Amino acid sequence: MGRLRSGAVTSRDLHLIIPGPLEQRTGGYVYDRRIVEGLRRLGWTVHVHGLEGAFPDPDPTAVAAMRAALESIPAGAIVVIDGLAMGGLPEPVRDHAQRLRVIALIHHPLADETGLSVEDQNRLRCSERAALGPCSGVIVTSAFTAGVVAAYDVPPDRIVVVPPGTEPAPAAAGPGEGRPPALLCVATVTPRKGHDVLVDALERLRDLPWSCTYVGSLDRTPDFARAVQEKISRADLDDRVHLVGERTDIELAELYHGASLFVLASHYEGYGMVLMEAIARGLPVVSTTGGAIPFTVPSEAAILVPPGDGKALADALRHLLTDDAHRAGIAAAARRHADEIADWDVTARSFAAAVDVLTS
């Protein structure tokens, strides 16, 4: 498996198939959107096919949409299919793999989603393995995910790592003189992101001054979002923990700028883009060892604890909230690493080079 940074780029057509509209505000869609924008700047013509229907467990609408999209693409074309759309639909991929040059884009395998039964994990693992089999290759966003995908019987030389980029940003200024520390969590409110675990941790810190803002969609798993809000209310933290839903890029940048530290209690990440966005702003990070996180975040810029451990998360947060010198040291380490983070133009060139390798 390889990690490409750049390569010769020629003008060509590429078709990207994704579930739903490209403008959705999750890490996977942000990555896809940035790749589209970057490839277009490099002279590529990118056709985006947003599929209707339910994913990753496809309903009849999704099946029909995938078949129609693949049938509409001319023979010999390069087609990149987001894993969220592809993993549950191996049959259409297999049916068109001979006449199209199909590349899978895997942010994280479907079977690694939090909360699945063993039966559902096995079903999704078998389905995704079958979908990956006929592909020309696979692009993943981290070396960790490359290792997972290799276990799906994909030859390592057909897997290329193209990590996300991160926009340069000014160092966070914090909440301002005389205001309590501001904790920021940016993640769609789903079980995998561990918002409920973070509430458990924050409940243990009620003796300290702080506020915490959760930014992320409340609509993808609404029952879980309601359960998190109820948990906040039962803990009597409504005045300190705020679920504000999605925010615009400008609003989110303001929240990052006013934060004291960044926290993500995720059970699993295939990369963890928001963690590097926090590092880019010089924010200390408190997160978990779930999935690719230990391989994404510089160790000296973060404190990582086991996923699902509210007490360990609380202890890490308490340490940074009460030890100004240590928090400042981690923030300084984050700022040093900020200068080394590749931007999205580098990612687009790497993606273009990956496509060249996997379709040659």
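The values are calculated or read from the model by the stated rules, or taken from the named source; none is laboratory data. Computed from a predicted model, the values in this text were never measured in an experiment. Note that we place each Cβ from the backbone using ideal geometry, even for glycine, and neighbour counts take in every protein chain shown.
Report, by residue number, each residue of the stretch 52-72 that is within 18 Å of SER127 (Cβ to Cβ) and either acidic (Asp, Glu) or assigned to a loop (DSSP other than H, G, I, E, B) (or both).
Result: GLY53, ALA54, PHE55, PRO56, ASP57, PRO58, ASP59.
Hey, does the stretch 105-116 have a residue that's in the same structural domain as ALA143 (by TED's automatic domain parsing), touching a strand residue (DSSP E or B) at 6+ places or on another chain (Cβ under 9 Å), without any contact (Cβ under 8 Å) to a residue 60 or more places away in the chain and crowded, with 19+ Cβ neighbours inside 10 Å?
Taking every residue of the stretch 105-116 in turn, none turns out to be in the same structural domain as ALA143 (by TED's automatic domain parsing), touching a strand residue (DSSP E or B) at 6+ places or on another chain (Cβ under 9 Å), without any contact (Cβ under 8 Å) to a residue 60 or more places away in the chain and crowded, with 19+ Cβ neighbours inside 10 Å.
Can you tell me which residues in the stretch 298-348 are acidic (Asp, Glu) and without any contact (Cβ under 8 Å) to a residue 12 or more places away in the chain?
The answer is ASP315, ASP323, ASP324, ASP339, GLU340.
Mind checking whether some residue in the stretch 60-78 is closer than 30 Å to SER266 by Cβ, touching a helix residue (DSSP H, G or I) at 6+ places or on another chain (Cβ under 7 Å) and β-branched (Val, Ile, Thr)?
No: zero hits.
Would you mention how many residues in the stretch 164-198 are under 13 Å from ARG240 (Cβ atoms) and without any contact (Cβ under 8 Å) to a residue 60 or more places away in the chain?
Total satisfying the criteria: 2.
Given the residues ALA253, ALA259, ALA225, ALA278, which is the only one that is under 30 Å from THR141 (Cα atoms) and out of contact with any Leu (no Cβ under 8 Å at 6 or more places or on another chain)?
Numbers: ALA259 fails: out of contact with any Leu (no Cβ under 8 Å at 6 or more places or on another chain); ALA225 fails: out of contact with any Leu (no Cβ under 8 Å at 6 or more places or on another chain); ALA278 fails: out of contact with any Leu (no Cβ under 8 Å at 6 or more places or on another chain).
Just a single option satisfies the conditions, and that option is ALA253.
Just checking, does the stretch 114-131 include any residue being within 18 Å of the chain's Cα centre (by Cα) and modelled with pLDDT under 95?
Among the residues of the stretch 114-131, at least one is within 18 Å of the chain's Cα centre (by Cα) and modelled with pLDDT under 95, which makes the answer yes.
Just to verify a result, which residue in the stretch 226-246, among those that are free of Cβ contacts under 8 Å to residues at least 60 places away in the same chain and in contact with a Gly (Cβ under 9 Å, 6 or more places away or on another chain), is surrounded by the fewest Cβ atoms within 10 Å (Cβ to Cβ)? Walk me through it before giving the result.
Residues of the stretch 226-246 free of Cβ contacts under 8 Å to residues at least 60 places away in the same chain: 226-245.
From what's left, in contact with a Gly (Cβ under 9 Å, 6 or more places away or on another chain): 243-245.
Numbers: LEU243: 18, VAL244: 12, GLY245: 14.
Per the stated criteria, the residue is VAL244.
Taking into account only those residues within the stretch 251-278 that are within 21 Å of ARG192 (Cβ to Cβ) and over 14 Å from the mean Cα position of the chain (by Cα), which is surrounded by the fewest Cβ atoms within 10 Å (Cβ to Cβ)?
Of everything passing the filter in the stretch 251-278, LEU252 is surrounded by the fewest Cβ atoms within 10 Å (Cβ to Cβ).
Can you say whether SER136 is under 17 Å from THR359 (Cα atoms), of a type in the set (S, T, N, Q) and not assigned by TED's automatic domain parsing to the domain that holds PHE262, as far as the supplied structure shows?
Details: under 17 Å from THR359 (Cα atoms): yes; of a type in the set (S, T, N, Q): yes; not assigned by TED's automatic domain parsing to the domain that holds PHE262: yes.
Yes.
Just the residues that are surrounded by 18 or more Cβ atoms within 10 Å (Cβ to Cβ), in a loop (DSSP other than H, G, I, E, B) and either of a type outside the set (Gly, Ala, Ser) or modelled with pLDDT under 95 (or both), please, taken from the stretch 196-224.
The answer is LEU205, TRP210, LEU218, THR221.
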